[in-house]
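Below is one structure, written out as structure tokens; the observations come after it.
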Amino acid sequence: MTAFLLLSGLLLIAVGHDFRHRRIPNSLVAAGMLAAMACAGAPDGIGLQLALAGMAFGLLSLLPLYALGGLGAGDVKLMAMVGAFIGPQAMPLTLLATLIAGGVLTLAVTLRRGTTRRMLHNVRDMLCSAWWRLACRQMPRIDPVPASAGRMPYALAIASGAWLQWMLADSSLAARLALY
């Protein structure tokens, strides 16, 4: 529980900084990774091997989106920090919840900015390009889009994914929520 409260505090700081400056400080992520390793090494921690595996899972899971220009490096490092706190076994649900939250956030941001049409065109163009390469028996790849629909604070999606995973994993919390 202590590790999750520490992670939550770090995520709140990251979300606030991402909203204000559209970036996540390396110093925050580095401090978070050190804190995750300390928590993992504690007697009731997940262990250093699982923390390192979770960090690798988090890093590798968002790296393709960074390579395509869809996310910033801070977002990838923040997901690695989350993985170091929760371990690899909790990362698939966290990643799924993060991607869903990111999709909802993207839709909300593009609707607010009036760039939804641009975003939908970008998704269509990327998927058509990948499909065409596959049809031509080439390795499919998704090329970066020429015109962005805008940047958004993805730390909120990462935090939402981590918090949702925690709520679903905590059986007593899930049971209390089911009563309502």
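List pairs: first residue in the stretch 1-13 and farther than 13 Å from Ala30 by Cα, second residue of a type in the set (D, E, K, R) and part of a helix (DSSP H, G or I) anywhere in the structure, Cβ distance under 6 angstrom, at least six positions apart or on different chains.
Taking only residues 6 or more apart or on different chains, not a single pair turns up.
Mind checking whether some residue in the stretch 157-167 is of a type in the set (Val, Ile, Thr), modelled with pLDDT under 80 and in contact with a helix residue (DSSP H, G or I) (Cβ under 8 Å, 6 or more places away or on another chain)?
Scanning the stretch 157-167, I find no residue that is of a type in the set (Val, Ile, Thr), modelled with pLDDT under 80 and in contact with a helix residue (DSSP H, G or I) (Cβ under 8 Å, 6 or more places away or on another chain), so the answer is no.
List every residue pair whose Cβ atoms sit under 7 Å apart, with the two residues 6 or more apart in sequence or on different chains, where the first one lies in the stretch 90-115 and is in contact (Cβ under 8 Å) with a residue 24 or more places away in the chain and the second, anywhere, is surrounded by 16 or more Cβ atoms within 10 Å (Cβ to Cβ) and outside any helix (DSSP H, G or I).
Gly102/Tyr154; Leu105/Met152; Thr106/Met152; Val109/Met152; Thr110/Ala149; Thr115/Ala149
Does the stretch 48-64 contain at least one residue that is over 18 Å from Leu156 (Cβ atoms), modelled with pLDDT under 95 and either surrounded by fewer than 16 Cβ atoms within 10 Å (Cβ to Cβ) or of a type in the set (Val, Ile, Thr) (or both)?
Checked the stretch 48-64: at least one residue is over 18 Å from Leu156 (Cβ atoms), modelled with pLDDT under 95 and either surrounded by fewer than 16 Cβ atoms within 10 Å (Cβ to Cβ) or of a type in the set (Val, Ile, Thr) (or both).
Specify which of the listed residues (Leu50, Leu78, Leu93, Leu127) is out of contact with any strand residue (DSSP E or B) (no Cβ under 8 Å at 6 or more places or on another chain) and over 24 Å from Thr2 (Cβ atoms).
Sole residue among the options that is out of contact with any strand residue (DSSP E or B) (no Cβ under 8 Å at 6 or more places or on another chain) and over 24 Å from Thr2 (Cβ atoms): Leu127.
Going by what's in this entry, would Gly16 be described as within 15 Å of Ala155 (Cβ to Cβ), of a type in the set (Gly, Ala, Ser) and surrounded by fewer than 14 Cβ atoms within 10 Å (Cβ to Cβ)?
Answer is yes for this residue.
The values are calculated or read from the model by the stated rules, or taken from the named source; none is laboratory data. Quick caveat, the model's predicted, so the values are computed rather than measured. FYI the Cβ positions are ideal-geometry reconstructions off the backbone, even for glycines, and counts take in every protein chain you see.
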